[in-house]
Structure formats: structure tokens, C-alpha cells
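One structure is given here, and the rest of the page talks about it.
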Amino acid sequence: MRTDAARPVHLADYLPPDYLIDTVDLDFRLHRTATRVHAKLVLRPNPKGRPGAPLVLDGDDLVTVALALDGVSLDPTGVVAGDRLTIAAPPARPFVLAIETLIDPSANTQLSGLYRSGAAWCTQCEAEGFRRITWFLDRPDVLSVYTTRIEAEKSEAPLLLGNGNPGEAGDIPGTSRHFAVWRDPHPKPSYLFALVGGDLGTVRDTFRTMSGRDVKLAIHVEHGKESRAGWAMDSLKRSMRWDEQAFGREYDLDVFNIVAVSDFNMGAMENKSLNIFNDRYILADHDTATDMDYYLIESIVGHEYFHNWSGDRVTCRDWFQLSLKEGFTVFRDQEFTADMRSRANKRIDDVEVLRVTQFREDAGPLAHPVRPDSYMEINNFYTATVYQKGAEVIRMMHTILGPEKFRAGCDLYFQRHDGQAVTCDDFVAALEDASGVDLGQFKLWYRQAGTPKITAAGAYDPKARTFTLTLKQECPPTPGQPTKQPMHIPFNVGLVGEDGTDMALDVEGNTSKSTTAVLELTKPEQTFVFKNVSARPRPSLNRDFGAPVTVDFTQTDADRAFLVGHDKDPFNRWDAAQAYGKEVILRSVAELQAGKTAAPDEDFLKALGAVIADTSIEPAFKASLLNLPAEDYLANCMTVEDPLNLHIARKAVRRALGEKYGTALKGIYDSQRINAPYVPDAKGMGSRMLKRIALSYLAATETRETTGLVKAQFDAADNMTDRMDALSILNGLDVPERGAA
């Protein structure tokens, strides 16, 4: 599993490691330019490896000071060649390899391995950074128990952190240095190793687990920034509780540390018990952070914590299985955020990201499956397909199995593979064994690239009182995969009656008697007959965006308007509003291009007017329903982009809404003004979202009164969200207040 230059790595070439490393003892003597690392590796031949094979270790930019095998010194020049350390004939029994290396953290501009971050030492080892610390079998299927001793000048690094639980610590007699020992009892791959040494401020708290253990929590940040870490700590505690309740996963150590530094080269990293973050995803206060910043902190803190089980306790066998930990954990963090905030809006946000990034990836020259067959460079492997589409694959299995069987499958997966490095197939097998459901065809989602297209056609028979829905699936060719097999696709369908309520569904396979049927597509074309349908329904297809597919289904403006007003599925209700808005605005663009005056579409205005008047809709979701499709999205829908006419057409719709429903919008704006200190919770965020939408439509009328309303919010704002909302609205107006703000 090498990543040599210009040599692709293939999944089909996977071989188990020839040797395993049971324990790793590390001793770091931290120095800015000359850190010494003493490593003691206890190795043994792997029963699944090749008998008598040479031991080949990975290294990168290392100065090898000393080597010894079972206490016998080895000449480094005889075994080290480039980035390989090769022992041709190691013992056919357990043995000890002692290694001393010298590294320069200050010169490590790759920010991979051990490097200096401001005034601190920091590590980043995923995917292949540990080889920049010492010679090692730097691959995820070699799991070891680590003990780490860290030594440094006390004045430079009063804080010394490692993986696991703290052990001995103290001053070194006769010197100005001190040390700390950390022991991690849980076997882990080298990419999850972490170390931090420096002078940082600390925010502390505790968490009592479901079994009654008290865990010490700490977030370490630059001095003076401690007050901005409170939301991250709150998010961590809520993540820990949620994982116990939703997945039965209890935290397994005595301490949990987060370190936030300003030049971490990834967003965050899930190292066992020592998460390292870029501080933009930890630090926030109401003067400098918006609601979206708080939202991201909550989500990312949760994501990295959830990795403690889905990635750390059970990890991936090789990097082709990256979605095993990332897709599953993205699904988990999505569900966490949905439970913390607006579930409807969370689903909308996730699908928008999927459509904009992953669908585009699937349609281009870099299309690849969730589990690719090969790669040239592992650091280019962290894609929207692996993460976002990987999460959708997990979500589809949740839909097919149902919540109870899915949870049973996850429990079996964690129980069966705790302390192991496994594959996507192992995860699916656990779900199958726990549920009794065959997911053999479903696993094509891991092997086939591309976004499937569902073509739907419906026919109502009033005499037979049946509605027949015919669904065809096809997946376009992608690089290396010109032809595709039919996928196993769970397709959520509801039928909305003329009275605006969901019809009871009498269709084969809908055993739950729910008003949303999960139709399982497994063939190129399938027909489903809904019985006892009293009147022509309006189909609501792919509810909750249950499958990452595109749907081709003919709908009229009247159909879309009806669904905007009545669909009980929040995602499809929003999607109908977006589709209707897109058609209206693009038709206006065509009229402008033809030299005509584009009059606002009254039926569309009425549809959104009904949303404005509906007081039963939660504020966050109402804001999403009222938000018009963005100009950049609309531009991508045009054969030839026309930015000027597109801007004019969209602005005209916004102005028409503001003029037609000005009184109601002003009422919404006033009702959502919170006369209380800023709190970044779900309720407050939803109110600010809706207030912003109402204010933006009022401002589109460009009267002195509405412009003054926006400027007044800017001047009086006591938080960055309200201030930025007002500023962004003023920025779209040609008024003196814009320059002043």
C-alpha cells in the first residue's frame, strides 16, 4: 500500500501487513529545531502475512541517529534507503526495535508530523504523517497500544498533552525541563497519534457518563481567548450525551482534550482523546461570530467527538475504506445537528451541499465511487463523494432497515469489531446480520460512481381508484465505468390529496401503513400501483431526499404551488418552492432578453404569500421556504449565463414580494426581534434567519422607511449576526446608508 510518485495504489493489490506492532513506547525531547524521538516498537510476525518477509518501515525527512534490534545495534546506513528502512531477515518471533530519530519541527512547513504552531508543538498524522516522526508501519491496519513520554523546557511548554490518560509527570531534577507520560489503553493506528506541547490557556469542565463515570474535559487555546471557548465546550458535552442516547456509545477514558491552534492544516482531527482543531472552529463570541459560525462549531466538535467510536475504536483497514469512518461519522453529525436545531433546515443544508459539490464531482472527469479502486495521492482522497455521498449511503441503509434495525446493526458492528481495522463490507455485514435484510445489491453504491437519474411517470384511473407510478433508473457513464448495473434505491413517496392532506397509502411493500411509502427500486424499471385512491393525487417524490438521485417528473406551476402550500414533507415543500422560483425567474430572464418587460408571476407571489401568512411554520424553516434560489445556482441552470438580466429578474421578484406583502413582512420582522441577550441556540438562530428574510424583502422596495429600518438594525445590533445581516442587505442597495455602514 505505497504511495510512491507516479505509481497508483490499487485496492485489488491490498495485502495484510507482514508484521504487527503490539506496543509503541515513545519518548519526545522537544526542541524547536532538534527534537529527539526515542521509539521502542514491540513487533511480531503477522499470521496473515508472508512468512519470512523483510520488515519494511516508512519514513519521511528523518535523521536516523540510532537503531537496535533486540538490543543489538544496527548501522542505519546499511538499512535506510530514501524513505524506506528495510530489515531483510527479522526474527520469526516477537522482537524489539529501538529507533532514535532527529526532526526539525520549525522547518516542517508541510504541517504534517510534528511541527511548530505559533509557540506550541503540534502533530497532524492523518493520513501519512507519523512517518515524519519515526520509522513505522504507517498504515491504518497496524493497531498498537501507545505510551508517550514528553519532555520540554517548562517555560516554553508548561502544557504537555498526549493520547489516553495522564500518568507520571514532574520536573526533571537539575534542569529547567519537565515531563509528562500519557498511556492510551486502546489499540489505534499511527494516524490517530497526537502530541501537543506549549503555553496555552485552558477552559475546564466535567461530564458524567451514562454509567456514572466523571470525565475531565479541557479546551486549550491561546492565552486571552479562553472566554471564546464556552460554546465549543457546551457543544462537546451535548455531543457526548447525544452519542449515549442515540447510539449507546459511552466515552471510554478519564480525560478528553481539545487543542485549538491558528495554523492547523485541516479543519479538525479526531486523534484519540486529543482532538486538534483550527481555532476558527472553536472560538466564538457574539461580537465576532455569526450564527453560522456557532452552527459550524457545534457540528464539527460533534463530528470529531463521534469519531471516538466510528473511526477510533473501530477504524478503517486501508484508505480505500475512508468513507467507513467519514461517511458514517458525517451521517452521525448530521443527525446530531438535526436533533439540536431545525431538522428540516439541516436536511436542506446538507442536500444543497451535496447537489452543489458532490453531484458536480459525479458529473465531471474526477468522478469516483464512494470506495474508489485506486488513487495516486492519498491527500487528494478527501472528497465530497467520500464524505457527503458516503453519508447518504449510510442514510439509505437507515431508511431501508428502519431506525430499530439500523441501531441494532450499529451495535453489532461496534461490538464485533471493537479494536479492529475493518472495511465497508464489514459494516454492511453487521447491518445484514442484525436485521436479516440482504444488502448485497445495495453495496453497488460503494463501487459505482455517478448520480442515478429517476424518471417518473404517474397515471390516475378514477374508475379503478388507482394511481400507477412507473419509475425508471439509469446511471450515466463515468470515467472507467461506461455501463452501470441497476442500483438498490430506497425511494420515498407520498400522495397529497386535493384537501392538502397526505393520503393513506395502499401499495405493495408499505407494511408500516405510513403516509410515506419506501419503494425499493432494484430493477431498471418498476411499476407501483396505489389502491383506494379517491381522487387525482399530487405525488411527492423522493421525500426527505431519501436517495442521492435526480428526479425527472413533469410538474406544472399549479402542482408546484400546491406542494409549496401543502406538502407535509419539509424537504419537498422547500424543493417545490425552489423549483417554482427557478422557473419563474428564468422565464423572466428570457423575457428581458427578448426586450420585453418581465412582470412578476402572480401565482408564485401568492404561493409565497401563503407561506408568509402561515403562522404554524417554525421560523427557521419558514425562512428557508421564503428564500429565493441564489443567483449563482440560477446561473448554473442557464445554457449561456446572463448575469445582468438574471440579477434584474431576481431583484424584481424580491421587490414584488416586498410591495405586495409589506405589512405582513413588517409584522414578521417585529415579531422575531428578540429583546434579550444573544444566545446561539436553535430558537434564536431561527428567529434571526426569518427576521433577515423579512427585512431583505422590505428593503427591496427601496423606500426611505425600509432603508431606515435596515440601517437602524445595523446601528443597534448587539451581535455579529444582526450586524452582518443588515450590512449585507445595505450592500445591495444604492443608498447613502450603504457607504456609512
Scanning the stretch 138-148 residue by residue, the ones that are out of contact with any Lys or Arg (no Cβ under 7 Å at 6 or more places or on another chain) and open to solvent by 20 Å² or more (accessible area, probe 1.4 Å) total 2
Kindly indicate whether Asn165 is open to solvent by less than 50 Å² (accessible area, probe 1.4 Å), touching a Leu at 6+ places or on another chain (Cβ under 6 Å) and in contact (Cβ under 8 Å) with a residue 24 or more places away in the chain. yes
Can we say Glu156 is outside any loop (DSSP other than H, G, I, E, B), more than 27 Å from Pro16 (Cβ to Cβ) and among the acidic types (Asp, Glu)? no
How many residues does the stretch 270-318 contain that are open to solvent by 10 Å² or more (accessible area, probe 1.4 Å) and aromatic (Phe, Trp, Tyr)? 4
For the stretch 170-183, check the following and say yes or no: at least one residue is touching a residue at least 40 places away in the same chain (Cβ under 8 Å), out of contact with any Gly (no Cβ under 6 Å at 6 or more places or on another chain) and either surrounded by fewer than 19 Cβ atoms within 10 Å (Cβ to Cβ) or under 22 Å from Asn308 (Cα atoms) (or both). no
If I ask for residues that are open to solvent by less than 50 Å² (accessible area, probe 1.4 Å), in a helix (DSSP H, G or I) and touching a Ser or Thr at 6+ places or on another chain (Cβ under 9 Å), which ones from the stretch 398-411 would you list? Ile400, Leu401, Phe406, Ala408, Gly409, Cys410
Could you list, in sequence order, the residues of the stretch 356-380 that are open to solvent by 40 Å² or more (accessible area, probe 1.4 Å) and touching a Phe, Trp or Tyr at 6+ places or on another chain (Cβ under 9 Å)? Val356, Asp373, Ser374
Name the helices (runs of 4 or more DSSP H) wholly within the stretch 515-618 that hold at least 3 residues that are among the β-branched types (Val, Ile, Thr) and surrounded by 14 or more Cβ atoms within 10 Å (Cβ to Cβ)? 570-593
May I ask you to list pairs of residues, at least six apart or on different chains, whose Cβ atoms are under 6 Å apart, with the first in the stretch 100-124 being surrounded by fewer than 20 Cβ atoms within 10 Å (Cβ to Cβ) and the second being part of a strand (DSSP E or B) and of a type in the set (A, V, I, L, M, F, W, C)? Glu100/Val65; Glu100/Ala66; Leu102/Val63; Leu102/Val65
Looking only at the stretch 47-99, which residues are open to solvent by less than 50 Å² (accessible area, probe 1.4 Å), farther than 22 Å from Cys125 by Cβ and not in a strand (DSSP E or B)? Gly49, Ala53, Pro76, Val79, Pro90, Pro91
Residue among Asp425, Asp461, Asp418 that is touching a strand residue (DSSP E or B) at 6+ places or on another chain (Cβ under 9 Å), under 26 Å from Leu15 (Cβ atoms) and open to solvent by 30 Å² or more (accessible area, probe 1.4 Å): Asp418
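The values are calculated or read from the model by the stated rules, or taken from the named source; none is laboratory data. Treat the numbers as computed from the prediction; the structure is a model and nothing was measured. Quick reminder, even Gly has a Cβ in these numbers, built from the backbone with ideal geometry, and neighbours come from all protein chains shown. Only protein heavy atoms, including side chains, enter the accessible area calculation; ligands, DNA and RNA are left aside. Shrake-Rupley method; radii C 1.70, N 1.55, O 1.52, S 1.80 Å.
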